[in-house]
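Encoded as structure tokens, the structure appears first; notes follow it.
The values are calculated or read from the model by the stated rules, or taken from the named source; none is laboratory data. Please read these numbers as outputs of a predicted model, since none were measured by experiment. A quick note on method: Cβ atoms are made from the backbone with ideal geometry, for glycine too, and the neighbour counts reach across all protein chains shown. In case anyone asks, the SASA skips ligands and DNA or RNA and just uses the protein heavy atoms, side chains included. Shrake-Rupley method; radii C 1.70, N 1.55, O 1.52, S 1.80 Å.
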Amino acid sequence: QESCRVDDADAGIDDYGGSFMAFPETAKWCCTAVKNLTRPTTSLADSHAGKQAVELGVVPVLHETITFTSPEKKISNTTLGIEACHTRSSIQSAPPSGPWQWETNSLADAALFCVMNLAVSCKEDSMTFVPQLEKIANFDGNFQGNLLSDDSTVLDFQRLKARMALSYLVGFSTSNDNIAMDASKRNSMLQLSLSEARLLVDLLDHTMAKRSSPLGLYSAATFPVKWVLFAIRNFLPLNGSLLNQQQALVSRLLLILIEFVSEKSSAIDTVAAEYAVVSLYYLSTHGLEGSFYIDRTSMELAQILCAYMEKGTEFGIYASRQILLRLKHLQIVSVKTSSPVQLNLPKPSLCYKPGAQPQSNILHRPVEAYNMKTKEKHLFNSALDAVQSLLKKGLHNDEILQANKIANAAKSQSEEFQFVW
């Protein structure tokens, strides 16, 4: 706070957003230290540093640090973002700094990492960051037909970080289902661009292999694997079709997720394994009509999932069961890899039984649901989407079977489910 302090006498203002910062270099390294100290651990119960940072007043400083002026707006000394602040001897008319200029280890880069960390460990205190994160995530790198930077990687990475923070705060997870937000607004926050999706899959790959970014964007220890998986799990309901259109990208993601679940079948971290299994579950929906890439046989994948189910979480077990039920109906494409880890798992038990054959009309045809008691109407993208949104996730549910029933009810105008096309 002291290093970010503005000199009132020189700057003529009394907040963090002015043109002069007392000690800009000190501010940068202090923020980098806060970033490292607040990195979420495996257990949120151990995330004391993030909670202490919030109690000690870091939130207002972070707010000001990641606030920037769009280049199309009029720029004045008092609207410059904190990253563009200068010492007393600097020229006051420097251009504004935005996410396209937030290089690795810059003040704003570190501050955005801090916001990501707090979004995991201090969710309620971090909801105030949502408007600023949305602005960063949806910032267009084109200004009056020209790119603000020749290298768009920096901007793509900062947008991805902002979107990952948003996925923790408002993403498609059970803990976020009660957040009141317009669907189109949420979708705009969570919709990845293709370049962001590539960076995200690279990030998961590098983090699991304990490798630094070859582009110098992060070190091997910057991102905990668990929270990268959590972001992917929250992104997939909206972005699965985008990934499925990119053969190389989705095949890499599937292989990484399957490898992670196979390694975690003994469940050192059952929640991290759950995020990987649920991600496979979302991708399997697209695998019913598009390619589902695996470097193992269907039987081996069933072995991995059955082994996970013995020690998995409730929703992880549910997701595993849904994959097993639809495994026979997936458009599986075998991929050759250098050396997949050899498994020493028992053959699948009774947990592996093929489920219902999906009807062709349950995946894309929009369906409307009527609540006969409240008279409310809900529009869904498909019958399968309606099942996943409305029906309770009982262990013995077969989502495909339920979606087929909804499709038949809508087709015959039956009152059984009160669904119509």
Original post:
How far, in nm, would the chain grow between ALA183 and GLU368 when pulled straight, counting 0.36 nm per residue and subtracting the alpha carbon separation?
Top reply: 65.0 nm
Subject >> Distance in nm between pseudo-label sites at SER193 and SER152 (7 Å out along the Cβ direction from Cα) >> reply: 0.5 nm
**OP:** Compute the distance in nm between two label points, each set 7 Å from the Cα along the Cα-to-Cβ direction, one at GLN247 and one at LYS328.
**Re:** 2.9 nm
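May I ask you to derive the relative contact order of segment 176-261, considering only C-alpha pairs under 8 Å and at least 6 residues apart, and to give it as an integer percent? Please list the in-between numbers first.
Numbers: 41 pairs, mean separation 24.5, N = 86.
Relative contact order of segment 176-261: 28 percent.
Of ASP205, ASP140, which has the most accessible area with a 1.4 Å probe, and how do the rest follow in descending order?
Reading off the accessible areas and sorting them downward yields ASP140, ASP205.
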Original post:
Roughly how much of PHE68 is accessible, in Å² to the nearest 10, using a 1.4 Å probe?
Top reply: 10 Å²
Subject >> Rounded accessible area of THR313 (nearest 10 Å², 1.4 Å probe) >> reply: 30 Å²
